[in-house]
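The values are calculated or read from the model by the stated rules, or taken from the named source; none is laboratory data. These numbers were taken from a predicted model, which means no experiment stands behind them. So basically every Cβ, Gly included, is an ideal-geometry build from the backbone, and we count neighbours across all protein chains shown. With ligands, DNA and RNA removed, areas are computed over all heavy atoms of the protein, side chains included. Shrake-Rupley method; radii C 1.70, N 1.55, O 1.52, S 1.80 Å.
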Amino acid sequence: MPLLERIQGPEDLGDLTRTEMDELAAEIRDFLITHVSRTGGHLGPNLGVVELTLAVHRTFTSPHDPIVFDTGHQSYVHKILTGRQGGFDDLRQRGGLSGYPSRQESKHDWVENSHASAALSWAEGMAKALKIRGEKDRTVVAFVGDGALTGGMAWEALNNIAVQDDLPLVIVVNDNGRSYTPTVGGLAQHLAVMRTDRRYEDLLDVIKRNVSRAPLVGRPAYELLHGLKIGLKDVLAPQGLFADLGLKYVGPIDGHDEPAVERALAQAKDFGGPVIVHCLTQKGHGFRAAEQNEEDRFHAIGQIDAHTGEPLSSIVTATWTDVFAEELVRIGGRRDDVVAITAAMLHPTGLNRFAATYPDRTFDVGIAEQHAVTSAAGMAAMGLHPVVAVYSTFLNRAFDQVLMDVGLHRAGVTFVLDRAGVTGSDGPSHNGMWDMSVFQVVPGLHIAAPRDGQRLRDALNAAVDIDDAPSLIRFSKDKLPDDIEAITHRGEVDVLYSSEGRPRVLVVAYGQMVGTGLDVGRRLTQQGIPATVVDPVWALPVGEDLLGLVADHDLVVTIEDNCVVGGVGARLEQAMADHEITTPVQTFGIPDQYLAQGSRGEILTDLGLTGQDIARSVVEHMLRLDRLPVPSPTEVVRPERD
Ligand SMILES: Cc1ncc(C[n+]2csc(CCOP(=O)(O)OP(=O)(O)O)c2C)c(N)n1
Ligand SMILES: CC(=O)[C@@H](O)[C@H](O)COP(=O)(O)O
Ligand SMILES: [Mg+2]
């Protein structure tokens, strides 16, 4: 019987022998490769933490000892060990296992936020609470990647942790030297020095070769010296910056040597104060295709061949990211003041192409969006035009920097937000559903939500010419639609559809929802309600042309892939009120809720953001507006179901 089947909870790990532990680690790796190659997900990060997670669960007693994962994408092994092996067939799918910790799934899970660099603050607060409550037999374990340590919040937390000598906290640094690509910055270089300082390792190897072979006393003597290695490191290796901060530091430990990690964790647990256990791991460990993947070690994969690692679905069509990446390279050729900034996501944002052509004008700041934004303000102050490319949801944490460092200084910075709108499988904190609500309050900020590749190119070229205010362009993770040409224009507004007769309903659709807007317009026409469908492309500022159009209609319908609260539909409504335009408005968008994981299509359907549902709602609204007796439900000729 496979060992894994015997593991229903961490308590089942306790009496496994060394051999069984090694066997279990191998079974877990096979399990990860078999399942995640089928569903997609964060295979590389989880292959790298098999031994670490085993050692943590053997040393600490979850959930009595809370285990907090940073970003949380590397919690699959934790889930396997805490009774959720059966959920991996539906990993990251609607109603299935979340790709991140989930309190609803298990008492062993604590933090669901998948935005990096927050775990140490969580853990510091939790440990402080245990101290205040006098719960002296509990230890908080923070599980943090080297990439997450490049985020500012991590250092805010460490600054506080370092002065609390009796904080019951063990910080496991999972140092695989990478975010997606190799981790950048001074911290990364420091960790690298600590990783590679072989002086005490070589000395230890000499001892191991000559001592451990001694009969009887050899092995115990080596174990003793192995334990002393930490002391040797303090003497031979540079004092780590953690130690210089006053933090107890243990390591670096081979993170794939499970007994060694267990010993270090036990040492740390007994210390009774905050300790950093620095573990060296390999992202993708144990799967050659992942180990050899230069781009990101299979950080986040789609469906792949479980043996070769080759993708099962080769993407042949261009994506939004491709269009952005290629256009930025073209712009870079004619504008040497344009520079590009990424927050540790060079390839996912497409900036790797700009970097290949303009390496000196491309900057990876680590997982540090706040620094990225204010550094961009500095670059703009010196006459450059920075393009900051991040995922929509990750810019949330840099709101103040956009508002005060870029907006207040009227800096010509362009933000390009990929994964805007419902993304789906990464769960609630990954949907890019807040950017148009959050950033529209930045005075002077321009927002574009292009509907297709051509409009994205046009918007990007226009944005880099705005040098006295921030500009923001956002696009979806969904398929890039074919170009949708306007049939005519009303000034700056593209008119995409207009039925015969005096149009009664004006549908204003933004970005990826333009296709849905056209579907609504056609359905309304079929219902005998003449409609016009328009796309302003630039959602902010609200233009006079659009205001003129809305005044000519009986009802305005806005559709956006953004939170409807404070969205661009609400902003249009505000602008209409300011101009004393009294046309009624119906706004459609994402409700102010956290969206459980699922496919984008499933979620949009659940939210009623389909052409059919919106059209039906508009028909009913028009009926009310016309004060016609609302026919009984059987009489309403509903748009036929797809
Ligand atoms: C604020 C924020 N920015 C960017 C990301 C995207 N992201 C997810 S995991 C990751 C790399 C994390 O690196 P590390 O902490 O070293 O973990 P590893 O994947 O190496 O185990 C990044 C950049 C994020 N989740 N949160
Ligand atoms: C954990 C994390 O934040 C990223 O790895 C994210 O999951 C990537 O999302 P995409 O797969 O949409 O690039
Ligand atoms: Mg890492």
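If I go through the range 186-196 residue by residue, how many of them are more than 13 Å from ligand 3 (Cβ to nearest atom) and open to solvent by less than 40 Å² (accessible area, probe 1.4 Å)? Break it down into steps so the answer makes sense when it comes.
Going residue by residue through the range 186-196, those that are more than 13 Å from ligand 3 (Cβ to nearest atom) are 186, 189-190, 193-194, 196.
Now restrict to residues that are open to solvent by less than 40 Å² (accessible area, probe 1.4 Å): 194.
Counting residues in the range 186-196 that are more than 13 Å from ligand 3 (Cβ to nearest atom) and open to solvent by less than 40 Å² (accessible area, probe 1.4 Å) gives 1.
Does Phe394 fit the bill of being out of contact with any Pro (no Cβ under 9 Å at 6 or more places or on another chain), within 14 Å of ligand 2 (Cβ to nearest atom) and assigned to a helix (DSSP H, G or I)? It would help to see each step written out before you state the result.
Values: out of contact with any Pro (no Cβ under 9 Å at 6 or more places or on another chain): yes; within 14 Å of ligand 2 (Cβ to nearest atom): yes; assigned to a helix (DSSP H, G or I): yes.
Answer is yes for this residue.
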*When you look at Trp110, is it more than 16 Å from ligand 2 (Cβ to nearest atom) and under 22 Å from Arg92 (Cα atoms), yes or no?*
yes
*For the range 15-33, how many residues are open to solvent by less than 60 Å² (accessible area, probe 1.4 Å) and either of a type outside the set (Asp, Glu) or under 22 Å from Tyr100 (Cβ atoms) (or both)?*
10
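Counting just the residues of the range 96-149 that are β-branched (Val, Ile, Thr) and either in contact (Cβ under 8 Å) with a residue 60 or more places away in the chain or in contact with a Phe, Trp or Tyr (Cβ under 9 Å, 6 or more places away or on another chain) (or both), which one comes out surrounded by the fewest Cβ atoms within 10 Å (Cβ to Cβ)?
So in the range 96-149, the residues β-branched (Val, Ile, Thr) come out as 111, 132, 139-141, 144.
From the residues that got through so far, the ones that are either in contact (Cβ under 8 Å) with a residue 60 or more places away in the chain or in contact with a Phe, Trp or Tyr (Cβ under 9 Å, 6 or more places away or on another chain) (or both) too are 111, 139-141, 144.
Working: Val111: 24, Thr139: 26, Val140: 26, Val141: 27, Val144: 27.
Within the range 96-149, the match that is surrounded by the fewest Cβ atoms within 10 Å (Cβ to Cβ) is Val111.
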*When Leu547 is evaluated against the numbered criteria (1) under 20 Å from Met433 (Cα atoms); (2) part of a helix (DSSP H, G or I); (3) aliphatic (A, V, I, L, M), which criterion, by number, is the only one it fails?*
(1)
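Go through Thr150, Thr181 for me and flag whichever is in contact with a His (Cβ under 8 Å, 6 or more places away or on another chain), among the polar types (S, T, N, Q) and within 16 Å of ligand 2 (Cβ to nearest atom).
Details: Thr150 fails: in contact with a His (Cβ under 8 Å, 6 or more places away or on another chain).
Testing whether each residue is in contact with a His (Cβ under 8 Å, 6 or more places away or on another chain), among the polar types (S, T, N, Q) and within 16 Å of ligand 2 (Cβ to nearest atom) leaves just Thr181.
Are there strands (runs of 3 or more DSSP E) fully within the range 421-511 with at least 1 residues that are in contact with a Ser or Thr (Cβ under 7 Å, 6 or more places away or on another chain)? List them.
Working: elements: 446-448, 471-474, 488-490, 493-498, 505-509.
Result: 446-448, 471-474, 493-498, 505-509.
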_Just the residues that are among the β-branched types (Val, Ile, Thr), open to solvent by 50 Å² or more (accessible area, probe 1.4 Å) and within 14 Å of ligand 2 (Cβ to nearest atom), please, taken from the range 285-315._
Ile315
*Restricting attention to the range 563-575, which residues are touching a helix residue (DSSP H, G or I) at 6+ places or on another chain (Cβ under 6 Å) and part of a helix (DSSP H, G or I)?*
Val568, Arg571
*Would it be correct to say that Leu158 is away from ligand 1 (no atom under 13 Å from the Cβ), open to solvent by less than 20 Å² (accessible area, probe 1.4 Å) and touching a residue at least 60 places away in the same chain (Cβ under 8 Å)?*
yes
*Name every residue in the range 60-93 that is buried (at least 22 other Cβ atoms within 10 Å of the Cβ), more than 10 Å from ligand 1 (Cβ to nearest atom) and among the polar types (S, T, N, Q), in order of residue number.*
Ser75, Thr82
_Looking at the range 170-185 only, could you name the residues that are assigned to a strand (DSSP E or B) and either open to solvent by 30 Å² or more (accessible area, probe 1.4 Å) or at pLDDT below 95 (or both)?_
Pro182
*Within the range 120-135, is even one residue within 16 Å of ligand 3 (Cβ to nearest atom) and in contact with an Asp or Glu (Cβ under 8 Å, 6 or more places away or on another chain)?*
yes
_In the range 598-620, the residues that are β-branched (Val, Ile, Thr) and open to solvent by less than 20 Å² (accessible area, probe 1.4 Å)_ = Ile603, Ile614, Val618, Val619
*Assuming Ala398 fulfils every condition listed in (1) over 18 Å from Phe439 (Cβ atoms); (2) among the small types (Gly, Ala, Ser); (3) within 16 Å of ligand 1 (Cβ to nearest atom) apart from one, which condition is it?*
(1)
*In the range 439-491, how many residues are of a type in the set (Asp, Glu) and in contact with a Pro (Cβ under 7 Å, 6 or more places away or on another chain)?*
1
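Take the residues in the range 349-377 that are assigned to a loop (DSSP other than H, G, I, E, B) and open to solvent by less than 20 Å² (accessible area, probe 1.4 Å); name whichever of them is nearest to ligand 3 (Cβ to nearest atom). Spell out how you get there, then give the answer.
Applying the first criterion (assigned to a loop (DSSP other than H, G, I, E, B)) to the range 349-377 yields 349-350, 358, 365-368.
The next check asks that each one be open to solvent by less than 20 Å² (accessible area, probe 1.4 Å); those that pass are 349-350, 366, 368.
Working: Thr349: 18, Gly350: 21, Gly366: 11, Ala368: 14 Å.
For the range 349-377, the residue satisfying everything is Gly366.
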_Subset of the range 332-348 that is more than 16 Å from ligand 3 (Cβ to nearest atom) and surrounded by fewer than 21 Cβ atoms within 10 Å (Cβ to Cβ) - its residue that is nearest to Asp364 (Cα to Cα)_ = Val338
*Qualifying residue in the range 491-500 (condition: touching a residue at least 12 places away in the same chain (Cβ under 8 Å), open to solvent by 40 Å² or more (accessible area, probe 1.4 Å), touching a Lys or Arg at 6+ places or on another chain (Cβ under 9 Å) and not hydrophobic (A, V, I, L, M, F, W, C))*: yes
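Being surrounded by fewer than 22 Cβ atoms within 10 Å (Cβ to Cβ) and either more than 27 Å from Ile590 (Cβ to Cβ) or of a type outside the set (Ser, Thr, Tyr) (or both): is that true of Ala531 here? Before you say what the answer is, go through the steps one by one.
Values: surrounded by fewer than 22 Cβ atoms within 10 Å (Cβ to Cβ): no; either more than 27 Å from Ile590 (Cβ to Cβ) or of a type outside the set (Ser, Thr, Tyr) (or both): yes.
It is false that Ala531 is surrounded by fewer than 22 Cβ atoms within 10 Å (Cβ to Cβ) and either more than 27 Å from Ile590 (Cβ to Cβ) or of a type outside the set (Ser, Thr, Tyr) (or both).
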